[in-house]
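Every read-out reported here was derived from the displayed coordinates using simple, explicitly stated rules and does not represent laboratory data. Please read these numbers as outputs of a predicted model, since none were measured by experiment. Glycine gets a Cβ as well: all are built from the backbone with ideal geometry, and neighbour counts include every protein chain shown.
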Amino acid sequence: MTRYIAAYDTEMSAASRPGPHVPTCLEACRRIVEVHRAHRMPATFFIVGRTLEESPSEYRALLDDPLFEVASHSYSHRMLLDHPICGPAADRAQVEREIRQGKAVVEDVFGRPCVGFRPGCGFVEGLRGATVALDLVAEAGYRYVSSVLWGADFSLPAPLAEPWSYASDGHPEINEYPAHGWHENLLKDNNRVFGQEPQRVILFPTPFAAAVPPHPVRTPQEEIQYNNGYFIDAAIAAHSSYVTLIWHPWSLALSDPAMRVLEMTFQLVRDRGLPATTFAEMDRSRRA
């Protein structure tokens, strides 16, 4: 049966937001957590170390809950590999810091192991062939990574890829869990708040014609139509082992302060009869 994993790339701090009209991740997470607790819906929060360091006690009070997994989203969101949209790779010392210190901050704040890692922005092939990064991930003690966040040629939406291990890269102990669908901040053109112009991320011709809107989505109903509902139903039809979307707390709160899209998505998950889990639980079940 297809399982559902709610996941959030928790990366904006008060220091990095482009203006007071843009919610920080902490502000957004407070609203997100309310909806999760009301629905008893588990989630994985991939959190940037520097973001966590800015408000450690607040994040601990909010996310130290059996419903939630807290994983690393790197230390400062620097690139592990060259990325045509997000920029060039950091040097080797910084890559090590992104991997090791991001994990250490999560473990220090929450007092429990951090087993998962999602690098900033993600990649098409994940960490395949990235020997230095994979060795550091293994040495740091991560159990899994979720680093496939794009389709071919860094296009969106990301396809419904299944998990694999990095055995062919010498690390059979590390599993990869790709994410699916749109980076919802790009689907809504919300990166304009940073002064970024929209970039072409859609393949031509696209393999996901029904998931490509004629304009940036403007309502929760459109987000369900072109992303959340589309990929949940596509995963069920394909008998995928799981489905997970690429959500950013600040962007969700900017477009939908009441978090109606979460309410609608979680109700859809319940209506479809999908069991909900976290990446850590998914990984444990695959290894059992």
Distance between modelled label sites at Arg60 and Val212, nm, 7 Å Cα→Cβ extension: 4.8 nm
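For the chain, what relative contact order do you get, as a whole percent, if you take Cα pairs closer than 8 Å and at least 6 residues apart? Working shown, then result.
Values: 538 pairs, mean separation 72.9, N = 288.
Over the chain, the number comes to 25 percent.
Out of all DSSP beta bridges with both ends in the chain, state the antiparallel percent to the nearest 5. Present the calculation step by step, with values, prior to reporting the outcome.
Working: 6 of 29 bridges.
The answer is about 20 percent antiparallel.
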Cα gyration tensor, the chain - rounded (a/c under 1.5), prolate or oblate: rounded
Amide H partners (placed H, <5 Å) of Tyr242, local residues excluded: Arg3
Most positive-pole-ward Cα, Pro20, Leu156, His77, against dipole of the chain from beta carbon charges: Pro20
Cut-off under 5 Å, modelled amide H: who pairs with Thr44 long-range: Ala6, Ala7, Tyr8, Glu69, Phe279
Most mobile listed residue (Leu156, Leu80, Leu268) in the chain, GNM with C-alpha springs under 10 Å: Leu268
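Count charges around Met259 for me, please; just the other residues with Cβ under 15 Å from its Cβ, Lys/Arg as +1, Asp/Glu as -1. Numbers along the way, then the final one.
Values: positive: Arg30, Arg31, Arg37, Lys188, Arg260; negative: Glu27, Glu34, Glu184, Glu223, Asp256, Glu263.
Residues close to Met259 contribute a combined charge of -1.
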